[in-house]
1. If a residue counts only when it is over 16 Å from the mean Cα position of the chain (by Cα) and within 14 Å of another protein chain (Cβ to nearest Cβ), which helices (runs of 4 or more DSSP H) contained entirely in the range B:115-216 have at least 1 such residues?
2. Scan the range A:7-47 residue by residue and report those that are open to solvent by 10 Å² or more (accessible area, probe 1.4 Å) and aromatic (Phe, Trp, Tyr).
3. In the range A:317-332, which residues are under 21 Å from residue A:240 (Cα atoms) and out of contact with any Phe, Trp or Tyr (no Cβ under 8 Å at 6 or more places or on another chain)?
4. Looking only at the range B:213-231, how many residues end up being of a type in the set (A, V, I, L, M, F, W, C) and over 19 Å from residue B:253 (Cα atoms)?
5. Among the residues of the range A:56-85, write down those that are open to solvent by less than 50 Å² (accessible area, probe 1.4 Å), assigned to a loop (DSSP other than H, G, I, E, B) and either farther than 28 Å from residue A:137 by Cα or away from chain B (no Cβ under 11 Å) (or both).
6. Quickly run through the range B:38-63 and pick out the residues that are assigned to a helix (DSSP H, G or I) and surrounded by fewer than 19 Cβ atoms within 10 Å (Cβ to Cβ).
7. For the range A:86-106: of the residues being among the hydrophobic types (A, V, I, L, M, F, W, C) and more than 8 Å from chain B (Cβ to nearest Cβ), which is most open to solvent (accessible area, probe 1.4 Å)?
8. Using the structure shown, decide if residue A:180 is assigned to a helix (DSSP H, G or I), in the same structural domain as residue A:61 (by TED's automatic domain parsing) and of a type outside the set (Val, Ile, Thr).
Amino acid sequence: MQIKLQNFTKRFGDTTVIEDMSLSIASGEMIALLGPSGCGKSTTLFAISGIHRIDGGSLHFGDRDVTTLPPQDRPVGVVFQNYALYPHMSVAENIGFPLRVQKLKTAEIKRRVGEMAELVQIGNLLKRRPQQLSGGQQQRVALARALVRKPDVLLLDEPLANLDAKLRLEMRSEIRRLQRETGITAILVTHDQIEAMSMCDRIALMRDGRIEQISTPSEMYERPASHYVAGFLGNPPISFVQAEANGKLILGAGNALPMPQGISARGAITIGIRPEHFGPQHQGPSVSGRVSFIEPQGREDLIDVTLPDTQRLRAIVPAGHNFALGQDVSWQVDLSRTHLFNADGARL
Amino acid sequence: MNTSLKGNWLLVLAMSLMSAPLVIMYGFQLIDSISRPAPGGIIPQEWELTNWRFLWEPIDSARPSIWRVTFNTFVFASSTALLVCAFSITAAYALSRLNFPARRFFLAGLIMLHAFPTITLIIAIFIVLQFLGLYDSLMGVILVKAALELPFGIWIMKGFYDSVPWEIEMAGVQDGASRFRVWRELILPQVKPGLLALLIFSFLAGWSEFILPLVLAPGADAQVLATYMNAVIADDTRPDYGLFKAIGMFYALPVIAIYLLFQKRLMNIYGGGTKG
C-alpha cells in the first residue's frame, strides 16, 4: 500500500513541531525515520497511525484519504518501544485482541493467532503471560499483534531500543524478514543509524521537524546532502576540518589538499573525511600531523591525528601497525571520497 | 526470619516497649469484656459472658436490637464503598487521561477537598438533607459520606491510572477498540489492585464513621454501631463499661478480620503499583 503524506503540519499548543512535510512511501517499501530525539519522527509516526491529529496537509493510503480517520479505522499495525503488551492477558489473548474487537468467530481467531505465532516463531509460548517472556519474545508478540489484522502499514516506534545488544542484532534481521515475507509497507522510527541503514530500503533523516535528506542508505552515506547528514551517519563518525578554499584547500600550518574535481568554491568551507578514507594504507594527497590517540578495536585501530593547527582527523588503520602516540605521520586522504560543505552546511 | 530476629533483638525490644501500651489496652478491652474486675481494680475476679448479653437479648426495651444496628452499619459502609468506587474509577480515569475544560481546576479542587475539614460543612449539609427530605435516613448519610470520601478515592485511583503506560491505551485504540472498550478491557484490569484497596478502605471508613450518623440520622431507625455505642454510655446515669467494651469488641471484629485478610492488598494503595 502506497503512503502519501502531503504538506503535513503538526502543532502542540502554540509550538509547531512539524511544518509542511511531505513524504511518499512506495508499496512494500520499508523506510526509516531517523533523527535525534525531538526531531519529530515519532510525532510523524503517530500522525500516520492516527493517534495524533493532523493539523494541516493530508494523508493517503493508496487512493484512500485517511487524513481524518480515527486510529481505530486505519489499517495500520503499531509496535511500540515498550511493546505495550496487555499484562493481564496471555500471549494468545494479546495477539487475538484485535480480532476479538472485529468480532470474528472464536475458531477463526484461534486459527489466525496460531498462524501468526508460527510466523514470528512463538508457537510454543501462547499460554504464557507477557511478564514470563524475554524481551525478544515480547517483541515477537508485539509484532504478531500488530500484523494479525493484516494491516496495510506496519509502524515501528524504536522497536529495538529496549533490547540488549545481541537480541537487537537478532531482531533486526527478524523484523526485516517478516516485512519481506508479508510484503507490508513499513515505517521504522529510530535514532540509531545502524538500525536504519541495515533494515530499511530508504532513510528519511529528520532534523527539527523537517526531512533533511531522503535516499537509500548507501546513497546517503556516500553523498550526504549536508554537513548534518554526514555527521549523523557513520560509526566511528566522520571528521570535519575547516579549510580555506583558494584554488586549493588550505588546512593551515602547511597542510593543503588539492581541490577535488568539479568544485570551484572560494572562502571558508568544511571538509568531511570519513575515518576509512584516511590513513597510511590509502592513495592520494597526504596530510601530516601527530598521532594523538590510539583506540584498539581488534581487527583495526582507531587513530586520531592532530594537525599542526589543532584540528583533528580520525583514521581506521588495520591492526599490526607500528604507530605510537606522539609520532609524526604523513598519511593519505582518499580525495574523491571526501565531502565538501559550504558555510551553511550544504554540500558542494 | 529466625536469624534476623536474633540479630535485631535490640530493635525488637525497643519496638515491643513502644507498642506495649497499645497492646495492653487492646488486651484489657478483650479481658474486661469477658470478666468482672474487683471494684476499683483491674485484675479480673471471675470470668463471665454477661457483658456480651446484647448479642442474644435487647439491653433495654427502648433500643433496637444489635443485629438491626449491625445490618444498618453494614448497609451504610458497603453502600458508601460501592458509591465511592463507582464514581472514583470513572472520574479518576477522566482526570488522568482525558483532556477536558477546567481539568486543572478540578485537580486542584480535589486536593483541596481532600484536606478540607468536613465538619465545618455539617450545618450546610444538614440544611440540604432537610430540604431533600433525607434527614434522619440512612440514605442521606450514605450520600453525604460517599461524597466526602470521593476526593480521596478519586485521587488514589488517579494515581493508579497514571501508572498505567499510555502505550497500552494507544495499542488498544490501534487494535481497533473504542476508548470505552479500551478502558474496560485493558486499563481497568491494570488498576484492579487499587480498586480493591479503595473498596476496603472506604468500607472501613464507612464502618467507623461516627459524626455524620450522629448529627444527620439521630433516630433509632438509622442507628449504626458507632452511634449505638455512644447512646449506650451517654444515656445512663451509671454507665455499664463492661457492656460498652464488649460492644466495642464486637464493633472492631470485622475491621480486624478485614485487615488480617487483606493487609497485603491494602499496602498497594500506598505503593501505587500494578504488578501482577
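The values are calculated or read from the model by the stated rules, or taken from the named source; none is laboratory data. Worth saying up front: this structure is predicted, and the values here are computed from it rather than measured. Heads up, the Cβs are rebuilt from the backbone with ideal geometry, glycines too, and the neighbour counts pull from every protein chain shown. Remember, those area values only see protein heavy atoms, side chains included, never the ligands or the DNA or RNA. Shrake-Rupley method; radii C 1.70, N 1.55, O 1.52, S 1.80 Å.
1. B:138-162, B:166-174, B:192-207
2. A:12, A:46
3. Passing the criteria: A:328, A:330.
4. Initial filter on the range B:213-231 (of a type in the set (A, V, I, L, M, F, W, C)): B:214-217, B:220, B:222, B:224-226, B:229, B:231.
Then keep just the ones that are over 19 Å from residue B:253 (Cα atoms); that gives B:214-217, B:220, B:222, B:231.
The total comes to 7.
5. Scanning the range A:56-85 gives A:62, A:66, A:67, A:69.
6. Once the filter is applied, which keeps residues that are assigned to a helix (DSSP H, G or I) and surrounded by fewer than 19 Cβ atoms within 10 Å (Cβ to Cβ), the range B:38-63 yields B:50, B:52, B:53, B:55.
7. Of the residues in the range A:86-106, the ones among the hydrophobic types (A, V, I, L, M, F, W, C) are A:89, A:91-92, A:95, A:97, A:99, A:101, A:104.
Narrowing further to those that are more than 8 Å from chain B (Cβ to nearest Cβ): A:89, A:91-92, A:95, A:99, A:104.
Details: A:89: 13, A:91: 2, A:92: 34, A:95: 0, A:99: 0, A:104: 56 Å².
Among those that are among the hydrophobic types (A, V, I, L, M, F, W, C) and more than 8 Å from chain B (Cβ to nearest Cβ), it is A:104.
8. In short, yes.
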